[in-house]
Amino acid sequence: MKRLLHAAFILTLLIAFRSGAAGEQPLVAGVGPVGVTVSDLDRSIEFYTHVLHFKKLSEEENAGEDLEHVKGVFGLRIRVALLQLGDEQIELTQYLAPQGRPVPIDSRSNDGWFQHIAIIVRDMDAAYAWLRQNKIQFASSGPQTLPAWNKNAGGIRAFYFRDPDNHVLEVLWFPEGKGLPKWHQPGNDLFLGIDHTAIVVGNTEASLHFYRDLLGLMVVGTSENYGTEQEHLNNVAGARVRITSLRASHGPGIEFLEYVAPRDGRLIPADLHANDLAHWETTLITSFAASEWNGSLPNVERISSRPENVNVDGGLFTEFMVKDPNGHAVLLQSPAAANKNMSR
């Protein structure tokens, strides 16, 4: 089954980006699906669709040299499912071969490999009760309401929990006047969509250089969160977190979590691969040709050995995966038509 809805989303995004752009265009037009590696695709689909009310759009099984070059994993065979909640999508990937390592059992929210998606809920108490009913694993000690003294975050309610593979997820509720307008529209759905994906960073300025200066995302908010509520949300004693929120023209945001304290989080292992369960990848949509990516991303570490044209949702797209300054995976994706002269 071809994932036509995702392909249509990408093409619509790029058309809108091209027609509405004024002046010099950023490299990135939008943020696409957030990908996560799972150990058992059937189990993960059941969890995300039943517990969190995602809709399954498609499922495929893929292998081949092109994917080996993009993912940086030799001899792979993968099962991939595309799921949607509201306007946003996630991509779950199980490596049938070769299988990777589990998420470290002692992972904490200030470790460098930490990444999550923030799922917006209409009612935090109802969402928490539903998650408890479904026997989720806790990451926070319970839902936390950020204090009123914190001007940019006060009144926001949040809770961290884990999926079946020990990935941390967040449910988030915005009070009136905070968050995107769409999160406050009337309706009956409990789980509304994905506001952002959050990543731990070691140095905010270095990450801003990559995501803002090189890729063209825009800073849309900042705060510094501390106190008992933040400590119990993250389950890290003494947590003081510098938060920076960025967005592209379309799609979920990307949020930096820099732990001002404690600074004992572990770095992403240099040998973390796409088949390891701690691997997440954030898709960034661009209309630029792959030949322009190298010039736009000098001295950036590559995961892919070369750009490859791959079938995505019934269309042909060029993909190339790199690491951000902290080692988080970023998948650049553009229509293959923009790369018709791509050489190997």
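Of Lys178, Lys182, all but one fail to be modelled with pLDDT of 95 or more, among the basic types (Lys, Arg) and either part of a loop (DSSP other than H, G, I, E, B) or surrounded by 20 or more Cβ atoms within 10 Å (Cβ to Cβ) (or both); the exception is Lys178.
Being outside the structural domain of Gly32 (by TED's automatic domain parsing), of a type outside the set (Gly, Ala, Ser) and within 15 Å of the chain's Cα centre (by Cα), is that true of even one residue in segment 235-242?
Taking segment 235-242 as the starting set, the residues that turn out to be outside the structural domain of Gly32 (by TED's automatic domain parsing) are 235-242.
Okay, now just the ones that are also of a type outside the set (Gly, Ala, Ser), so 235-236, 240-242.
Narrowing further to those that are within 15 Å of the chain's Cα centre (by Cα): none.
No, because not a single residue in segment 235-242 is outside the structural domain of Gly32 (by TED's automatic domain parsing), of a type outside the set (Gly, Ala, Ser) and within 15 Å of the chain's Cα centre (by Cα).
Taken over segment 264-286, residues that are over 20 Å from Leu214 (Cβ atoms) and either modelled with pLDDT under 95 or of a type in the set (Gly, Ala, Ser) (or both) amount to 4.
Contact annotation: residue pairs with Cβ atoms under 7 Å, 6 or more positions apart or on different chains, pairing a residue in segment 259-275 that is within 23 Å of Thr244 (Cβ to Cβ) with a partner that is among the basic types (Lys, Arg), are Val260/Arg240; Val260/Arg242; Ala261/Arg240; Gly265/Arg108. Residues in segment 299-312: is at least one surrounded by fewer than 16 Cβ atoms within 10 Å (Cβ to Cβ), over 20 Å from the mean Cα position of the chain (by Cα) and more than 16 Å from Ser334 (Cβ to Cβ)? Yes, because at least one residue in segment 299-312 is surrounded by fewer than 16 Cβ atoms within 10 Å (Cβ to Cβ), over 20 Å from the mean Cα position of the chain (by Cα) and more than 16 Å from Ser334 (Cβ to Cβ).
Within segment 194-211, can you find the residues that are in contact with a strand residue (DSSP E or B) (Cβ under 6 Å, 6 or more places away or on another chain) and surrounded by fewer than 19 Cβ atoms within 10 Å (Cβ to Cβ)?
Pass one, segment 194-211, residues in contact with a strand residue (DSSP E or B) (Cβ under 6 Å, 6 or more places away or on another chain): 194-201, 204, 207, 211.
Thr204 - this is the single residue of segment 194-211 that is in contact with a strand residue (DSSP E or B) (Cβ under 6 Å, 6 or more places away or on another chain) and surrounded by fewer than 19 Cβ atoms within 10 Å (Cβ to Cβ).
Within the group Ala289, Ala261, which residue is more than 21 Å from the chain's Cα centre (by Cα) and modelled with pLDDT of 95 or more? Going through Ala289, Ala261 in turn, the sole match is Ala261. Applying the criterion of being closer than 17 Å to Ala158 by Cα and aromatic (Phe, Trp, Tyr) to the residues of segment 212-261, the residue that is surrounded by the fewest Cβ atoms within 10 Å (Cβ to Cβ) is Tyr226.
Residues Gln115, Gln133, Gln144, Gln137: which one is closer than 19 Å to Lys178 by Cβ and polar (S, T, N, Q)? Write out each step before concluding.
Values: Gln115 fails: closer than 19 Å to Lys178 by Cβ; Gln133 fails: closer than 19 Å to Lys178 by Cβ; Gln137 fails: closer than 19 Å to Lys178 by Cβ.
Of Gln115, Gln133, Gln144, Gln137, the one residue that is closer than 19 Å to Lys178 by Cβ and polar (S, T, N, Q) is Gln144.
So, in segment 262-279, how many residues would count as being within 24 Å of Ala153 (Cβ to Cβ) and surrounded by 22 or more Cβ atoms within 10 Å (Cβ to Cβ)? Count: 0. In the condition set (1) more than 18 Å from Glu91 (Cα to Cα); (2) modelled with pLDDT under 80, Leu297 is compliant with all but (2).
The values are calculated or read from the model by the stated rules, or taken from the named source; none is laboratory data. Remember, predicted model here, so these are calculated numbers, not experimental data. Every residue, glycine among them, receives a Cβ derived from its backbone with ideal geometry; neighbour counts consider all protein chains shown.
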